[in-house]
Every structure is written in C-alpha cells, then in structure tokens.
Amino acid sequence: MKKIIIPKEIITVNENNEILRNHALEIENGVITNILDLEEYNIENFDGEILNFRNLTLIPGFVQTHVHLCQTLFRGLAEDMELLDWLQQKIFPYENSHNLASLKMSAQLGINELQKGGTTTLLDMGTIRHEEIIFEELKKSNMRAIAGKCMMDINELYPAFIESTKDSLDYTYNLAKEFHNSNNGMLKYGFAPRFVLSCSEELLTESKNMMKDFEGSIYHTHSSENKSEIEAVKKMHNMENIEYFNSIDILGEHTVLAHCIHVNDNEINLLKNTNTRISHCPSSNLKLGSGIANIPKYLKENISVSLGADGAPCNNNLSQFTEMRLASLIQKPIHGPTAMDSLTVFRLATIEGARALHLENEIGSIEIGKKADLVLLNFEKPNVTLIDENVYSSIIFSANSDNVENVMIEGKWVVKNGESLNYDEDELYRNSKLELEKLLKRVKVN
Ligand code: GUN
Ligand code: FE
C-alpha cells in the first residue's frame with residue numbers, strides 16, 4: 001500500500017541541498033515514488049496511509065562505512081590502550097573466544113544501537129568464524145549492509161587467532177556466493193582482509209581477485225592507523241602501507257580503507273588517482289590515541305571520505321551523531337573554525353557514505369526513485385536550538401540518538417517512537433550480559 005509521510009521539513013541532501021517545507025513524501029514498495037508540494041496537492045485525494053509527523057525533521061538514514069558488529073559485546077573492556085596492545089591483549093583474545101551465541105548477541109546489540117541512532121546502512125568487518133550469524137542477524141533486523149568475514153592468515157600478536165590462507169579464501173568465497181545480493185539485494189558481500197599485519201600477500205590479492213565474480217562487492221580493510229603499525233608494515237614490505245597496497249593492486253574505487261591517518265604525499269596522490277575510499281573514524285582515532293586524519297586535505301583533493309564508528313571497544317558508542325560532531329570539532333583547532341562545516345559533515349554521514357559503497361543511486365539522499373531509508377528527528381526537545389536557524393548545525397552539534405524518533409529501512413519501520421521494533425531491550429541486555437560472562441570464562445590470554 002502507498003504511504004505518505006508529512007514531516008515538518010525534508011532535508012533532502014540532493015545536489016542543491018534543498019530543504020523542503022510543507023511537502024510530503026510518497027512511498028510505495030520501499031521506494032520514494034513522489035515528493036508532493038502540499039500547496040498544490042490536496043492530500044484528501046490520497047488513497048493510501050497518511051502519516052502525520054508535522055513536528056519532526058526528515059533526513060536520509062545514515063551510512064556508516066566502518067563498523068565491527070562482532071566487537072559490541074566488548075564495550076568498555078579494552079580501555080586506554082594503543083592499537084597493537086589493544087588488539088594483542090584484548091580484542092584478538094576476545095574475538096577468538098566468540099561462539100555462535102556470543103556473536104549473535106554482539107551483532108544484535110550493535111544493530112539495535114545503530115538503528116536507534118538512525119544508521120540504516122553499514123559496512124561491517126566481521127570476525128574469523130561464524131560470519132553466517134552476522135548475515136542472519138542483519139537480515140532479521142532488515143538492516144542494509146555490506147558485510148564479510150574478517151580474514152587473517154598471519155598473527156604475530158596473538159598466534160592462536162589465525163586461519164590458513166586456503167581456509168580463509170574458501171570460506172570467504174562460499175560466504176560471498178551465499179550472501180552477496182541476498183535479502184532482495186539489501187545485503188552485499190564486503191571482502192575483509194583485516195590489515196596488512198594479519199594478511200599474507202596471497203590473501204590480500206586473491207580476495208581482491210574474487211571480487212570480479214561478485215559485481216557490486218566492496219574490498220574493506222584497515223590502513224595507516226597507527227605509527228607502530230606502519231613501522232611494522234615497513235619492516236615487512238619495505239614500503240608505506242598505502243604504497244604497498246598500490247604495489248599489489250589493492251587500491252581502487254571499490255576499496256574502502258578505514259582510518260588513513262599516517263599517510264605521506266605520495267600516498268595521498270595514490271588514493272586520489274585510484275579513487276580509493278577513506279572511512280574516517282574520529283572517535284576511534286582519538287580513543288586509541290592513533291592521531292587525526294587530515295580530512296580537510298583529502299576533501300580538497302576530492303578524495304572520497306565517509307564516516308564510521310569502528311567497534312564499540314574503541315569508541316565506546318556506535319552513534320553517527322558522535323562521529324559527525326567529532327569529525328567537525330577535531331579539525332577546527334588545526335584548520336580554523338570554518339573547517340568541516342556542518343553541511344559538509346552531514347553529507348559525509350549520508351550521501352558520501354552511499355557513494356563510497358557505490359549505492360548513491362539507491363540511498364544517501366531523499367529523492368524520487370531512491371529507497372525509503374529514512375529517519376525522523378525530534379528537535380522539539382530541550383537539547384536542541386530553540387530557533388531553527390541552521391538545521392545542519394542542530395543535527396551535527398546538538399542532536400544525539402535520543403532525538404531519533406522513527407527509522408525506516410526500505411519502507412519498513414525498524415524504530416518507532418524511539419523504540420526498536422526488532423528487539424526487546426531488556427531481554428537483549430540480559431542475554432548479552434549472560435553470553436559475555438560465559439565468553440570471559442573462555443578467554444585465553446597470551
Ligand atoms: N586494525 C586491525 N584490526 C583492527 C580493529 O579491530 N580495530 C581497529 N580500530 N583497527 C584495527
Ligand atoms: Fe576497525
């Protein structure tokens with residue numbers, strides 16, 4: 001049945017960044033079929049469902065281009081550490097201890113938080129084993145996602161957490177065959193070799209080669225996040241991280257690199273010339289003390305930049321509002337107060353995320369023909385400005401997930417009146433805690 005949504009305003013994020021007031025959105029079969037000017041169109045003639053949200057602001061759903069659903073269970077359990085210690089002492093042992101039940105709860109916790117914060121699409125890096133559970137949870141919760149098992153055939157930091165090259169490639173190929181374009185195309189495969197330090201050259205290049213069998217898939221990895229990491233990469237390959245990726249043909253428009261903080265001028269040129277995508281994760285970069293990526297420079301060079309929360313234990317939340325706020329604020333002391341203005345940052349969180357994943361014709365803005373991935377924000381709350389002067393600044397600097405009232409993905413509600421339609425939160429909390437307690441008993445530290 002056709003629906004019509006009547007909000008206070010529509011923040012379209014179209015080419016001209018139009019903001020429409022006194023307009024309604026018509027939706028049918030999960031697609032935006034019309035945008036009606038209510039001065040001309042008499043809604044009494046409409047023969048479908050009419051949804052009045054005249055006090056709410058309608059925005060496109062957020063797109064997060066780097067998350068780890070498998071890590072949500074470990075929030076708060078890996079504090080005040082730098083990347084390699086954090087991986088070695090905490091994250092690798094924890095991920096290695098996942099079983100089906102704990103991974104399922106971790107995915108549910110993550111999806112619940114992301115959807116309640118207005119994120120409707122994500123690029124996920126899974127863990128080594130049981131990736132089908134993540135796909136199952138994404139499907140059950142009607143999430144739009146590109147996901148894939150994390151691949152690791154080297155691990156000097158924590159040798160127990162490893163797989164053979166062949167097993168990793170075989171499992172990956174089979175998963176891609178099963179899940180790429182599944183759930184009516186809402187789920188796609190993202191090949192996910194974890195980072196150079198955990199991957200042989202064969203793993204990196206063979207997983208890249210697999211992409212030709214899966215049109216629309218993405219190559220997703222970490223790069224140049226931490227100074228000790230890039231020193232270790234240099235020791236291994238005698239090159240900087242991105243120079244190494246270039247030398248083995250990993251860069252390109254279907255490749256998303258998380259972080260890209262410690263990058264030289266030649267590497268910036270490589271990113272630009274190959275049209276490689278950068279996923280910027282400011283909370284994670286600050287919390288792990290990794291550094292501040294030079295995002296204003298990347299944007300000036302027309303390099304694709306989008307945003308992600310990374311994993312819960314390096315953040316410690318999964319809210320695009322936090323990432324937008326920090327993406328703007330951390331640059332201002334360096335580049336001046338006009339750097340990373342709120343409209344620019346809001347575009348990174350929506351349409352630029354869609355573009356990074358080659359989904360810009362389907363999502364990322366509110367336009368006729370696009371999927372109905374929509375978020376309704378309630379700004380009639382005391383934490384948001386009283387006079388509507390700059391709605392983008394309200395979204396970036398004042399709002400948070402508590403202002404998210406309703407969320408729809410491909411025409412289906414997943415959050416209503418601030419409550420998840422997928423999960424009973426009390427039960428989710430109880431079961432997650434139980435699984436975490438069991439997991440902590442299984443963990444073997446080095
Ligand atoms: N590099 C390799 N693995 C990880 C991870 O799990 N998180 C972050 N932030 N960086 C990584
Ligand atoms: Fe990460």
For this session: Report, ordered by chain and residue number, the lysines lying within cross-link reach of K300, taken as a straight Cα distance under 22 Å and ignoring same-chain residues fewer than 8 apart.
Result: K272, K332
Seminar exercise, completed: With the dipole of the chain defined by +1 on each Lys or Arg Cβ and -1 on each Asp or Glu Cβ, the option from T120, L58, I134 whose Cα lies farthest towards the positive pole is I134
Problem set entry | Placed amide H near S200: partners under 5 Å, 5+ positions off or other chain | D153, I154
Exercise. What's the extension gain from A101 to E132 if we count 0.36 nm per residue and subtract their Cα-Cα distance?
Worked result: 9.9 nm
Exercise. Given labels modelled 7 Å from the Cα in the Cβ direction, how far is it in nm from L421 to R54?
Worked result: 2.4 nm
Exercise. Direction-averaged shadow area of the convex hull around the Cα atoms of region 229-286, nm²?
Worked result: 4.0 nm²
Exercise. Long-range amide H contacts for S304: which residues qualify at under 5 Å (H placed 1.01 Å from N, peptide plane, sequence gap of 5 or more or a different chain)?
Worked result: I278
For this session: Take the Cα of E389, step 7 Å along the line toward its Cβ, and report every residue of region 315-352 whose backbone nitrogen sits under 16 Å from that point.
Result: 338, 342-343
Exercise. Taking a probe of 1.4 angstrom, what is the accessible area of R430 in Å², to the nearest 10?
Worked result: 140 Å²
For this session: Please report, in whole Å, how far the alpha carbons of the chain spread along each principal axis, starting with the longest.
Result: 67, 46, 43
Seminar exercise, completed: Among A312, S394, L357, the residue whose Cα sits farthest towards the positive end of the charge dipole of region 300-438, when +1 is placed on the Cβ of each Lys and Arg and -1 on the Cβ of each Asp and Glu, is L357
For this session: May I have the convex hull volume per residue, in Å³, for the Cα set of region 1-128?
Result: 166 Å³
For this session: Between M143, M105, M211, find the one with the highest GNM mean-square fluctuation for the chain; connect C-alpha pairs within less than 10 Å.
Result: M211
Exercise. What is the gain in length, in nm to one decimal, between I368 and I334 on full extension, counting 0.36 nm per residue of separation less the C-alpha to C-alpha distance?
Worked result: 8.3 nm
For this session: Return the subset of K212/K235; K90/K438; K90/K444; K371/K412; K140/K177; K140/K371 for which the Cα-Cα distance in this structure is over 22 Å, preserving the input order.
Result: K212/K235
Problem set entry | Axial C-alpha extent at least 18 Å, average Kyte-Doolittle at least 0.0 - helices from the chain (DSSP) | 100-116
Exercise. Between D265 and K212, what FRET efficiency comes out of the Förster formula 1/(1 + (r/R0)^6) with R0 = 41 Å and r the beta carbon distance, rounded to 0.05?
Worked result: 0.85
Exercise. Picking from N246, L343, L103, whose Cα lies most toward the positive end of the charge dipole for the chain (charges on Cβ: Lys, Arg +1; Asp, Glu -1)?
Worked result: L103
Problem set entry | Full-stretch length increase - E301, W413 - with 0.36 nm per residue and alpha-carbon distance subtracted | 36.5 nm
For this session: Find the Rg to Rh ratio for region 133-202, where Rh is the Kirkwood radius over alpha-carbon pairs and Rg uses the same atoms.
Result: 1.04
Seminar exercise, completed: Of all GluC sites (Glu not before Pro) in region 187-240, the ones in DSSP coil with at most 16 other Cβ atoms within 10 Å are E215
Exercise. When the chain is modelled as a GNM with alpha-carbon springs shorter than 10 Å, which of N14, N400, N45 fluctuates the most?
Worked result: N45
Exercise. For region 203-301, what relative contact order do you get, as a whole percent, if you take Cα pairs closer than 8 Å and at least 6 residues apart?
Worked result: 27 percent
Exercise. Ordering E410, E9 by how much accessible area each has at a 1.4 Å probe, largest first, what is the list?
Worked result: E410, E9
Exercise. Which whole-number percent is the relative contact order of region 105-174 (Cα, under 8 Å, 6+ apart)?
Worked result: 28 percent
Problem set entry | Residue-wise HN-Hα coupling along region 71-87, computed from phi with Karplus coefficients 6.51, -1.76, 1.60 (Hz; x: Gly, Pro) | 9, 4, 4, 9, 3, x, 10, 8, 9, 6, 10, 8, 3, 5, 5, 4, 5
Problem set entry | With every protein chain in place, region 139-270: carbon and sulfur % of accessible area (1.4 Å) | 45 percent
For this session: Report the relative contact order of region 49-202, percent, no decimals, based on alpha-carbon pairs under 8 angstrom and at least 6 residues apart.
Result: 23 percent
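The values are calculated or read from the model by the stated rules, or taken from the named source; none is laboratory data. Here the structure is a predicted model, which means the values were calculated and not measured. In this analysis, Cβ positions are derived from the backbone assuming ideal geometry, glycine residues included, and neighbour counts consider all displayed protein chains. Note: areas computed on protein heavy atoms with side chains; ligands, DNA, RNA excluded. Shrake-Rupley method; radii C 1.70, N 1.55, O 1.52, S 1.80 Å.
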